[in-house]
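Asks: The structure follows.
The values are calculated or read from the model by the stated rules, or taken from the named source; none is laboratory data. Since the model is a prediction, treat every value here as computed from it, not as a measurement. In this analysis, Cβ positions are derived from the backbone assuming ideal geometry, glycine residues included, and neighbour counts consider all displayed protein chains. Surface accessibility is based on the protein's heavy atoms, side chains included, excluding ligands, DNA and RNA. Shrake-Rupley method; radii C 1.70, N 1.55, O 1.52, S 1.80 Å.
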Amino acid sequence: MNIGILGAGMVGQTLAASLASLGHSVAVGTRNVSALMARTEPGPYGNPPYASWAREHPAVTTRTLAEAAAHGDIVFNVLAGGAALEGLRAAGAQNLAGKILVDVSNPLDFSKGFPPFLSVANTDSLGEQIQRAFPATKVVKALNTVNAMLMVDPRQLNGGDHSLFVCGNDEVARNEVVRLLGEWFGWSDVIELGDITNARGTEQLLPMWVRLYGRLQTPMFNFKIVR
Ligand SMILES: NC(=O)c1ccc[n+]([C@@H]2O[C@H](COP(=O)([O-])OP(=O)(O)OC[C@H]3O[C@@H](n4cnc5c(N)ncnc54)[C@H](OP(=O)(O)O)[C@@H]3O)[C@@H](O)[C@H]2O)c1
């Protein structure tokens, strides 16, 4: 499958590496390819600069946001939350039309330090804002409640016995994302919440997630819904 990944941060790199290792044709999108390749400072988690990562993953191509969106039969939004709408506009509505957009982004605002707060909540969500801005695209919110390493390998934790949430207006697209998350990464407890307004719920898990992270001092944890 051709997969477009909009965003070249930790999540973009982790998803790209995993999907390329499964044999998919993966393009990572950035605002400016040469600027990204020229960066020498480590990433926010002390990870190597993007160019070093790209050298170790020669099967993954690095392109503009529009090129990566056009490449994908399915596209991931892994842009910083505050930049998601702007980045998706640069990717181009025509390059996203008719496609599933897996929205992993969270509207976290770090402008007042840690813990961050949500820039949109309660009566709206980033997932809904994206769906409204791109009505011809099937936005499916998923994976936003777990760390990047767990996204692609849930079995690292408790044998994979923990929960993930998916929501979006298009039921067929939702089902397809649930199927792909199982096939690609091994997710087995995926709860389909319904339409995209449910992103208000999944994004509002983040204030709790960041507090647990501060307390547990590791991102390797998740929610398990016991029923
Ligand atoms: N880190 C995690 O484990 C994790 C887990 C769950 C959800 N998430 C969510 O996933 C998303 C990605 O997280 P991340 O940690 O991988 O990366 P990040 O540091 O949040 O940034 C990812 C990308 O955002 C782009 N960006 C920043 N400002 C931009 C702007 N004004 N216009 C267009 N693009 C812009 C950057 O693109 P350039 O390459 O062009 O600079 C960068 O590649 C976030 O929304 C985050 O909340 C992260």
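Asks: Using a 1.4 Å probe over the heavy atoms of the protein chains, calculate the carbon and sulfur portion of the accessible area of region 51-205 as a whole percent.
Replies: Numbers: 3230 of 6420 Å².
Carbon and sulfur together cover 50 percent of it.
Asks: How large is the convex hull of the C-alpha atoms of region 123-174 per residue, in Å³? It would help to have the intermediate numbers written out before the result.
Replies: On the way: hull volume 5.4 nm³, N = 52.
Per-residue hull volume (Cα only) is 103 Å³.
Asks: Still on this structure, please answer the following. Counting only DSSP beta bridges with both residues in region 26-126, tell me the antiparallel percent, nearest 5. Write out the running numbers ahead of the final one.
Replies: Working: 2 of 10 bridges.
Among the beta bridges of region 26-126, antiparallel pairing accounts for roughly 20 percent.
Asks: Only Cα pairs within less than 10 Å get springs; with that Gaussian network setup on the chain, which residue of ALA121, ALA27, ALA91 has the largest fluctuation?
Replies: Per the Cα network of the chain with a 10 Å cutoff, ALA121 tops the list.
Asks: Can you tell me how region 78-227 classifies by the Cα gyration tensor, rounded, prolate or oblate, using a/c under 1.5 as the rounded cut?
Replies: Values: a/c = 1.79, a/b = 1.16, b/c = 1.55.
Taking the square roots of the gyration eigenvalues as a ≥ b ≥ c, region 78-227 is oblate.
Asks: Give me the percent of Cα-Cα pairs in region 93-136 that sit more than 13 Å apart, rounded to a whole number. List each step's numbers first, then the result.
Replies: On the way: 576 of 946 pairs.
Taking all Cα-Cα pairs of region 93-136, the fraction more than 13 Å apart is 61 percent.
Asks: Determine the per residue accessible area of region 1-151 with all protein chains present and a 1.4 angstrom probe, expressed in square angstrom. Numbers along the way, then the final one.
Replies: Working: 6360 Å² over 151 residues.
Dividing the accessible area of region 1-151 by its residue count gives 42 Å².
Asks: Quantify how much of the Cα-Cα distance distribution of region 143-227 extends past 15 Å, in percent.
Replies: Values: 2070 of 3570 pairs.
That fraction is 58 percent.
Asks: Let me ask something additional. Given bins 5 angstrom wide, list per bin the percent of all Cα-Cα distances in region 10-88, short to long.
Replies: Reading the bins upward from 0: 3, 15, 26, 29, 19, 7, 0.
Asks: Which number comes out as Rg/Rh for region 30-163 once both Rg and the Kirkwood Rh are worked out on C-alpha atoms? Let's see the in-between values first.
Replies: Details: Rg = 16.0 Å, Rh = 16.5 Å.
Result: Rg/Rh = 0.97.
Asks: List the residues, sorted by chain then number, that are 5 or more residues from GLY194 or on another chain and whose placed amide H is less than 5 Å from its amide H.
Replies: GLY168
Asks: Filter the chymotrypsin sites (Phe, Trp or Tyr not before Pro) in region 1-84 down to the DSSP loop ones having no more than 14 other Cβ atoms within 10 Å, then list what survives. Mind showing how you got there, number by number?
Replies: Values: sites: TYR45, TYR50, TRP53, PHE76; in loops: TYR45.
Sparse-neighbourhood loop chymotrypsin sites (Phe, Trp or Tyr not before Pro): TYR45.
Asks: If you don't mind, another one. Explain nothing, just the number: relative contact order of the chain, from Cα pairs under 8 Å at least 6 residues apart, as a whole percent. Spell out each step's value before the answer.
Replies: On the way: 448 pairs, mean separation 39.8, N = 227.
Over the chain, the number comes to 18 percent.
Asks: Shifting gears a bit: What nm value, rounded to one decimal, do you get for the distance between PHE110 and MET37 when each label is placed 7 Å out toward the C-beta?
Replies: It is 2.7 nm.
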